[in-house]
Amino acid sequence: MATSSNSSKKTMSSSPSSAGRPPQGVKFARRTSSGRVMSLSRDDDLDMSGEFSGENDYINYTVMMPPTPDNQPMAGSSGAGTASDSKTDGPGPYGPSRFGAESRRGVDDDGGGDSEAAKADRRMSVMNSSNNKSILLRSQTGDFDHNRWLFETKGTYGIGNAYWSEKQENKYGPEVEMSMQDFIDKPWKPLTRKVKIPPAILSPYRLLVVIRLVVLFLFLLWRVQNPNPDAMWLWGMSIVCEIWFAFSWLLDILPKQNPINRATDLDALRDKFEQPSPTNPTGRSDLPGVDVFISTADAEKEPPLVTANTILSVLAAQYPVEKLSCYISDDGGAILSFEAMAEAVNFAEVWVPFCRKHEIEPRNPDSYFNSKVDPTKNKKRPDFVKDRRWIKREYDEFKVRINGLPDVIRKRSEMYNSKEDVNERKLSKERSIGGGGDDAEPAADGEASNVTKATWMADGTHWPGTWLEPCADHKKGDHAGILQVMSKVPEMEAVMGFPDEKKLDFTGVDIRVPMFAYVSREKRPGYDHNKKAGAMNAMVRASAILSNGPFILNLDCDHYIYNSMAIREGMCFMMDRGGDRICYIQFPQRFEGIDPSDRYANHNTVFFDGNMRALDGLQGPVYVGTGCMFRRFALYGFHPPRANEYLGMFGTIKAPAPNYHEIEAQLEADPDLPDSEKQPLATHPDLGLPKKFGNSQMFTDSIGVAEYHGRPLADHASVKNGRPPGALLEPRPPLDAPTVAEAVAVISCWYEDKTEWGDRIGWIYGSVTEDVVTGYRMHNRGWRSVYCITKRDAFRGTAPINLTDRLHQVLRWATGSVEIFYSRNNAFLACRRLKFLQRIAYLNVGIYPFTSIFLVVYCFLPALCLFTGQFIVAGLSVPFLSYLLIITVCLCLLSLLEVRWSGIGLEEWWRNEQFWLIGGTSAHLVAVIQGLLKVVAGIEIHFTLTSKATAEDEEDIYADLYVVKWTIINPPNGVNLNNQGMQI
């Protein structure tokens, strides 16, 4: 203490000046670390003269602190009072301490008031006790060590969420009941948040857009007003091209004005859905189910080993095993894919627990074992090296089995066919002998047998799909539907492994594997099977019967899960406040195996990190065909629970959209209404409600279940259209024969007859880019989408590095865009639920290939100028050069700022600009011609499947980059040769 003992004794004596106030406790003062004296008691009798005096001595301080040995409470009154039984390890007014010792009450309710002298003696006895010598020790500053006192006297901390005793007595009123649970209940937390682009980057970006737009307008106005009378045809061609370029640039830049970033909170997701609570006492996962769709069509161009690795990464994903299901659609019906998937499921029984035990990333075995990163980094289990060595050997044997499957299948089929041939010959001989006819002659040994060369399965039965030697009912486009559940529905509770579990110690590791099913839809001649879109719709129906996950993750066979938490990242958006209005979560596409310089812009980062991020600030990114998590209910063609309409010329007036679900339900509930009032309410075709799902009652019943299970958790007043906690804890019923039979029926080729599949329900038919059309239809109904960029890439795939293959890929995309422009999916025909800038973005999707016409013409202008000796303007005047300079400088600055907010590199941006010119003068032009031929002459468009096979040259993995594959898509070469020849 800062005062002497005499001063302390003086303050404890009674004084007339204190008669009108409640009796105070021990009064003292101390010097702070700054040297100023602070009065803790505000007592008028405190002697503050001498060295302790100061100008701020009597400031009205309010100090709340537990009673310490130098400040014990002492209360009394003339009538009755309370006595303090001060003991070093005993009572305190705040209850027991957090260090485990029980404290007693510092106030004896039955005791009377003691004299002031007795209290002072008791006070001094505490101060002089040997047990409190260490308490009086000072800190280095000379002040009382309060923290040490709390520890050594087992003092208490009061009330709060840091500590609360279960035996806390009711000191806060007879009607107040409190417990530790009242303090540790965490407040409601959102699962996602928006991270806006800094205004220091975005504001100059928008300003430059306005400046360049104004300068472009003035430049074009000057060009129109100043023609070249000596070469009007050159001037006319150039001005038309320049006006189109300005229009195309405007369509591209306008949707980029509001880019945003997003972040997820995986800890909050786990706390909400996987922690014990009153509605979930066991802490079982309350997350909704997810069905993962993987599509393949050709076992030669899409190697089964690549597909198997993708499936293994899905089965090992960090998501509740009982809530995850995986489906593969083999549109070719190849036995090679079927048996490769069976091998993958068998290997998954050891690979999946190994990944869980050692937290492996990535969980694609091929990528994991070929990674150049130190495999022991952050690994702490002593048996990791042994386990990794064993699983690596198992994977090598797995690859050998996959590579040997073609020979195994062929030899097996030859063996069974030879047996069938022998049996047929025996039967023929027996018939000839038994018949006794002289005309019947047995087949000679050298003659060919009539036995069909079938393809056989390992169990000795015919393969129902495509045979190695095609024949009727067993060839591409003509085979039966196949559905095989290769791994059963897992148990609801975790199944822990044990030592020597298939040579690995899986003690304490969940060894369950998610459900996996092989699907090959039925194909027959005379039916339009609608390529990939038809295969995806078949999987939608089959999965609704088998697992009915409310969310669907769509992946290509070469796009594997690189981040095992990717599904949880997407689920944060779906389960957050307002998530019931989200139709899909689009993840960026990332690629492996690209040459280091990315010569042909295969990474396409300008689109995925720039354009898509900007669309996320509007109504959401477009669907790009893979790496997308859908809401099943939105795929069925229904409207969102809440939507807005954007009115006015530029969609600046926002108004709530009518809820057609409720209106139509009211109309159907009133049978007395005339038929004229029961006509469709929606004025736009996309706003009608889907009704024709097919004749499967089991599928129809699953629609409402999927919608309810996909709702966010109603744990806050702001969450609309939610479900109660604990609604998804019931185990999934096991599959039975009638259920599987119904799933086989819904993948038949006739099921979609007289239904709305492909028109309003599921993936939309009629375009080779069915992905963009499907996303557009959802946005047009008022849904919104979200772009999810994770810190660790969510998915990774492969891309063609050969120029010809790359151009064929771009050709297919551009052709689909031209089809969209000429169809009713043109953004010009969109309804009022589509935002204005979102409409501009979709309009640009259908228009950008037509820029190739003007680009090719503009590229020929230099050669024409050299050939004729004329120029597009009468002369190089100052206004012309000034306008060009300002336009170019603005474009460069815009590109630099776009690089800043999108996070792409300058080299990536430059490669994108280079390939835009290559594709714009080649594939885009051919796409426009193909689209015109389809519209005018009705010629169908066919595309070549992109090969996913890796390079065969082991010494140079980029050998395919230098392979020359001649194609008709070569206008760039003609343009370049023409310009160079004219210059010579």
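Details
- Mean-position separation - Cα centroids, the stretch 239-263 and the stretch 466-482, in angstrom: 49 Å
- Of all beta bridges that DSSP places with both ends in the stretch 239-379, some 10 percent have antiparallel geometry.
- The Cβ shell under 11 Å around L893 holds other residues with a net charge of +1, Lys and Arg each +1, Asp and Glu each -1.
- Sequentially through the stretch 398-412, phi angles give Karplus couplings (6.51, -1.76, 1.60; θ = phi - 60°) of 4, 4, 5, 5, 5, 5, x, 4, x, 5, 4, 5, 5, 5, 5 Hz, Gly and Pro residues having no value and appearing as x.
- Pairwise label distance in nanometres, F828 with A458, each label 7 Å out on the Cα-Cβ vector: 5.8 nm
- For the pair S428 and L876, label points projected 7 Å from Cα toward Cβ lie 8.7 nm apart.
- Extension reserve of the E493-A714 stretch, reckoned as 0.36 nm per residue once the Cα distance is removed: 77.0 nm
- Among the listed pairs K426/K453; K323/K399; K323/K379; K419/K476, those whose Cα-Cα separation exceeds 22 Å are K323/K399; K323/K379; K419/K476.
- Amide N of the stretch 762-804 lying under 20 Å from the label point, which is placed 7 angstrom from the Cα of A655 along Cα→Cβ: 780-783
- Full extension of the chain between R599 and D396 gives 69.8 nm of extra length, using 0.36 nm per residue less the Cα-Cα distance.
- Among residues other than L829 with Cβ under 15 Å from its Cβ, the summed charge is +4 (Lys and Arg +1, Asp and Glu -1).
- Here the Karplus curve 6.51 cos²θ - 1.76 cosθ + 1.60, taken at θ = phi - 60°, turns the phi angles of the stretch 485-494 into couplings of 7, 8, 10, 5, 5, x, 5, 6, 8, 5 Hz, with x standing for Gly and Pro.
- 3J(HN,Hα) along the stretch 382-388, derived from phi through the Karplus expression 6.51 cos²θ - 1.76 cosθ + 1.60 where θ = phi - 60°, amounts to x, 9, 5, 4, 5, 5, 5 Hz, with x in place of Gly and Pro.
- Less than 5 angstrom separates the built amide H of S295 from those of S329, L555, C557, all sequence-distant by 5 or more or on a different chain.
- Nitroxide proxy distance, nm - points 7 Å out along Cα→Cβ at S371 and L932: 5.1 nm
- With R₀ set to 60 Å, the beta-carbon distance separating V195 from E940 gives a calculated FRET efficiency near 0.85.
- Packing rank of 812-821, 369-378, where each peptide gets the mean count of other beta carbons within 10 Å, highest leading: 812-821, 369-378
- Selection from S564, N554, G526, by position along the positive dipole direction of the stretch 525-579 (Cβ): G526
- Relative protection proxy for 394-405, 189-200, from highest mean packing down: 394-405, 189-200 (other beta-carbon atoms within 10 angstrom).
- When you count the other C-beta atoms within 10 angstrom of each residue and take the mean per peptide, 845-853, 692-700 line up highest first as 845-853, 692-700.
- Taking amide H as placed 1.01 Å from N in the peptide plane, the amide H of R796 sits under 5 Å from that of Y560, Y562, each at least 5 places away or on another chain.
- The distance from the alpha carbon centre of the stretch 558-576 to that of the stretch 284-315 is 14 Å, rounded to a whole number.
- Efficiency of FRET between L207 and K380 - r from beta-carbon atoms, R0 35 angstrom, step 0.05: 0.10
- A straight chain from V451 to L893 at 0.36 nm per residue would run longer than the Cα-Cα distance by 151.8 nm.
- Using the Cβ-Cβ distance between A959 and L689 with R0 set to 56 Å, the FRET efficiency works out to roughly 0.55.
Each reported figure results from applying straightforward, stated rules to the coordinates on display, with no laboratory input. Computed from a predicted model, the values in this text were never measured in an experiment. For neighbour counting, all protein chains shown are included, and Cβ atoms are generated from backbone atoms with ideal geometry for every residue, glycine included.
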